[in-house]
Amino acid sequence: MSFGNFLIKQVVEELQAEFPQLKRFSTLSPVPGFRRWLTQQLAKESNPDAPLLPKLARDGWWHDPEQSEPLRAALMRLCATYLTRRPSPGIRIDPVARFHLGNGARLERINWLGNTELRAIQESFGIMVNYLYDHDSIEDSHEAFVRDGTIVRSPDVDALMQGPA
């Protein structure tokens, strides 16, 4: 059992003891590798999202809804894509995602501008993620991730990858 798994189980047990009605546990987590990955992807001229790069380079775009809202759908879709890539020898997944998914969480929700502090903008364009620890599916989610890299995710995350309807 990893230290992370032990820590998560300990926190869940303590919360359940204090609040017996709680059944589901969720984190609000950063996405520290997203900006680096996306910047590399957008630098490729063949990438259809490449026109986003100069817009994302503007200082303070996240404080101005006229600049940020047009970026929202694309960044949310791209973050969902980033977080759902299966790990393989050539693909390293986000370290925070790896921790939570490896401990049996489900990728539950991606939050637009969940943290607008400068560091969060520099790491993830301010996007944050909820990972859900559902007692009844933690072991199955963990096994799927460890066995073949399956990233268990909510229908909401799947919908983001489809883009606007």
**Report entry** Flag if residue 118 is surrounded by fewer than 13 Cβ atoms within 10 Å (Cβ to Cβ), of a type in the set (A, V, I, L, M, F, W, C) and farther than 23 Å from residue 86 by Cβ
**Finding:** yes
Requested in this report: For residue 81, work out the one condition from (1) over 22 Å from the mean Cα position of the chain (by Cα); (2) modelled with pLDDT of 90 or more it doesn't fulfil.
Outcome: (1)
Query raised in the report: Among the listed residues 141, 124, 88, which satisfies the condition of being hydroxyl-bearing (Ser, Thr, Tyr), open to solvent by less than 20 Å² (accessible area, probe 1.4 Å) and modelled with pLDDT under 95?
Result: 141
Query raised in the report: Looking at (1) at pLDDT 90 or above; (2) assigned to a loop (DSSP other than H, G, I, E, B), which is the only condition residue 45 fails?
Result: (1)
**Report entry** Tally of residues being open to solvent by 90 Å² or more (accessible area, probe 1.4 Å) and among the hydrophobic types (A, V, I, L, M, F, W, C) across region 144-165
**Finding:** 2
**Report entry** Residue within region 96-114 that is in contact with a strand residue (DSSP E or B) (Cβ under 6 Å, 6 or more places away or on another chain) and of a type in the set (Asp, Glu) present
**Finding:** yes
Query raised in the report: How about region 102-111: which of its residues are modelled with pLDDT of 95 or more and open to solvent by less than 30 Å² (accessible area, probe 1.4 Å)?
Result: 107, 110, 111
Query raised in the report: Here are some residues: 98, 35. Which one is touching a residue at least 60 places away in the same chain (Cβ under 8 Å), assigned to a helix (DSSP H, G or I) and charged (D, E, K, R)?
Result: 35
**Report entry** region 12-30 residues that are modelled with pLDDT of 90 or more, paired with ones that are of a type in the set (Lys, Arg) (beta carbon under 9 Å, 6 or more apart)
**Finding:** 26/109; 30/119
**Report entry** Set 42, 22: member being surrounded by 17 or more Cβ atoms within 10 Å (Cβ to Cβ) and of a type in the set (A, V, I, L, M)
**Finding:** 42
**Report entry** Residues (within 18 Å of residue 146 (Cα to Cα), outside any loop (DSSP other than H, G, I, E, B) and in contact with an Asp or Glu (Cβ under 9 Å, 6 or more places away or on another chain)) located in region 101-117
**Finding:** 106
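The values are calculated or read from the model by the stated rules, or taken from the named source; none is laboratory data. None of these values were measured; they are calculated from a predicted model. Every residue, glycine among them, receives a Cβ derived from its backbone with ideal geometry; neighbour counts consider all protein chains shown. These accessible areas exclude ligands, DNA and RNA; they are computed on the full protein's heavy atoms, side chains included. Shrake-Rupley method; radii C 1.70, N 1.55, O 1.52, S 1.80 Å.
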